[in-house]
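Encoded as structure tokens, the structure appears first; notes follow it.
The values are calculated or read from the model by the stated rules, or taken from the named source; none is laboratory data. Fair warning: this is a prediction, and the values are worked out from it, not measured in the lab. Please note: Cβ atoms are built from the backbone with ideal geometry, for glycine as well, and neighbour counts cover all protein chains shown.
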Amino acid sequence: MRRIRLGAGGSTIEVLAGPAESGGIVSIYPWRMSPSSRGPAPHFHTTFSETFIVEGGEVDYFDGQGWQTLLPGDTAYAAVGDVHALREERAEPATLLMALSPGVPREEYFARLATVNERDLNLLHEAHDNHFVDGYGR
């Protein structure tokens, strides 16, 4: 299993199953969120949906309308086009499982997030179907 560091904060994403392992049906990534991990701002995807399952700790999830706290065992689903965001603002770490359907390769995206310069960040997001939106609460 490949582990990808998401910058200096200590958060990591692992590649449990990519599209090659699932026949393109799903990609599964365990995300270990370090304490006070901001996560992605409100955004949407045009080619895949995401399901988030909290395994440990507490994670705040934005569903396009408001924020809610997800506890271990809770699930959130963002269909194609649904605005969503995640954050973890507590002193304890949290772990969640991300399932993307259909399966899309995200390893390069996650790996480059930690090292991309500000000038190329928008190009990286666009190339990997992340469309951030203004006017939503953070």
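Screening Val54 against (1) hydrophobic (A, V, I, L, M, F, W, C); (2) surrounded by fewer than 19 Cβ atoms within 10 Å (Cβ to Cβ); (3) more than 20 Å from His125 (Cβ to Cβ) leaves a single unmet condition, (2). For region 45-69, a tally of residues being under 13 Å from Leu100 (Cβ atoms) and not β-branched (Val, Ile, Thr) returns 5. Here the condition is being of a type in the set (Asp, Glu), under 16 Å from Leu6 (Cα atoms) and touching a Gly at 6+ places or on another chain (Cβ under 7 Å); of Glu88, Glu108, it holds for Glu88 alone. In region 87-98, of all residues being at pLDDT 95 or above and buried (at least 20 other Cβ atoms within 10 Å of the Cβ), the one that is nearest to Ser37 (Cα to Cα) corresponds to Ala94. Taking the numbered list (1) over 26 Å from Ala20 (Cα atoms); (2) hydroxyl-bearing (Ser, Thr, Tyr); (3) surrounded by 15 or more Cβ atoms within 10 Å (Cβ to Cβ) in turn, Thr69 passes all entries but (3). Among the residues of region 24-81, those identified as within 20 Å of Glu107 (Cα to Cα), within 12 Å of the chain's Cα centre (by Cα) and of a type in the set (Phe, Trp, Tyr) are Tyr29, Trp31, Phe44, Phe52. Across region 72-122, the number of residues qualifying as at positive phi and touching a residue at least 24 places away in the same chain (Cβ under 8 Å) comes to 1.
The residue that is nearest to Gly64 (Cα to Cα), counting only those in region 1-27 that are surrounded by fewer than 15 Cβ atoms within 10 Å (Cβ to Cβ), modelled with pLDDT under 90 and in contact with a helix residue (DSSP H, G or I) (Cβ under 9 Å, 6 or more places away or on another chain), is Gly7.
Could you tell me whether region 28-47 includes any residue that is touching a helix residue (DSSP H, G or I) at 6+ places or on another chain (Cβ under 8 Å) and of a type in the set (Gly, Ala, Ser)? There is no residue in region 28-47 that is touching a helix residue (DSSP H, G or I) at 6+ places or on another chain (Cβ under 8 Å) and of a type in the set (Gly, Ala, Ser). Is it true that some residue in region 119-131 is crowded, with 18+ Cβ neighbours inside 10 Å and of a type in the set (Asp, Glu)? For region 119-131, residues crowded, with 18+ Cβ neighbours inside 10 Å and of a type in the set (Asp, Glu): absent.
Of the listed requirements (1) modelled with pLDDT of 95 or more; (2) closer than 19 Å to Ser27 by Cα; (3) of a type in the set (Ser, Thr, Tyr), Tyr61 misses just one: (2).
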